[in-house]
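The values are calculated or read from the model by the stated rules, or taken from the named source; none is laboratory data. This one's a predicted model, so the numbers in the text were calculated from it and none came from an experiment. FYI the Cβ positions are ideal-geometry reconstructions off the backbone, even for glycines, and counts take in every protein chain you see. Just the protein is used for accessible areas: all its heavy atoms, side chains included, with ligands, DNA and RNA removed. Shrake-Rupley method; radii C 1.70, N 1.55, O 1.52, S 1.80 Å.
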Amino acid sequence: LIHECLINLNYSQYRCVSAASRDQLSEVAYKRATHAVSEIDRSIRSRTILKQGKYREFGQLMTLSHYSLRDNYEVTVEELDEIVELTLRGHEGQTVYGSHLSGGGFGGCIVTLLHRDAVETVKTTISENYRSRHGKKATFVVCYPSDGAGVIDSNSILLRTPEN
C-alpha cells in the first residue's frame, strides 16, 4: 500500500508524503503513509536522543510510535493499547519513559522503557487491571540493557563441560 502511494504520487521516497498529498490518496493510504514517514523521523531522532542519554525523550518517541501504529497503521489490538495506557498511567515521564507495540501487529507484546525501581509497581498495576478486565494473566519478561551482539575473540572463550 505504501509503495502504491509513492507510485500514485510519483514520489521516489516515503519522506516526500506530506499534508499536500492528502487529496491524492485514499484516507487509508494517507494514514499508512503518514505512519511510515513519521516512523522514519522518529527512528532518526531516536539515534541522536539515545546517544545523548535522553531516555525520557526516547520514551516519548516510543509512545508516539505506538499511537501511530494504533491510529494510522491500525495494527494494535485493544488489550495491548490498554496495557500501554496502564503502563503509562501516573508514571509517564517519571519512572516510566515510554511503551509501544512490538512484533507483527494484531497481537504481540509491549516493550516498555522504565527505571528499574518502577518494575514491580508497573507489573502489579498491569497484572491486577488486566486480569480483572480480561480474565487472563499478563506475563512479563524483564530485560536489562547490555552491549548486545558483537565480535568476540574465539581464543578468549572458556569452554565449559559438565566436568568443570
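Things worth noting here:
- Figure note: F106, F58, F140 ranked by solvent-accessible area, largest first, 1.4 Å probe, ligands and nucleic acids not counted: F106, F140, F58.
- Cα centroid of the range 95-118 to Cα centroid of the range 61-79, whole Å: 12 Å
- Residues C109, C143, ordered by accessible area of protein heavy atoms at a 1.4 angstrom probe radius and largest first, appear as C143, C109.
- Local net charge near N129, Cβ-Cβ under 10 Å (Lys/Arg +1, Asp/Glu -1): 0
- Counting only Cα atoms, the range 54-105 measures 28, 19, 17 Å along its principal axes, largest extent leading.
- For S26, the solvent-accessible surface with a 1.4 Å probe is about 70 Å², rounded to the nearest 10.
- Database remark: amide H of G98 closer than 5 angstrom to the amide H of L113 (H placed geometrically; neighbours at sequence offset of 5 or more, or on other chains; Pro and chain starts carry no H).
- Percentage of interatomic Cα-Cα distances in the range 18-70 larger than 17 Å: 43 percent
- Those lysines that a straight Cα-Cα span of less than 16 Å connects to K123, excepting residues fewer than 8 apart in one chain: K136, K137
- For the range 43-164, a crude dipole built from +1 on the beta carbon of Lys and Arg and -1 on the beta carbon of Asp and Glu, taken about the Cα centre, is about 160 debye to the nearest 20.
- In the full protein context, the range 82-126 carries 49 Å² of accessible surface per residue, based on a 1.4 Å probe and ignoring ligands, DNA and RNA.
- Each eigenvalue of the Cα gyration tensor of the range 92-155, multiplied by 5 and square-rooted, gives one semi-axis; in descending order these are 28, 16, 12 Å.
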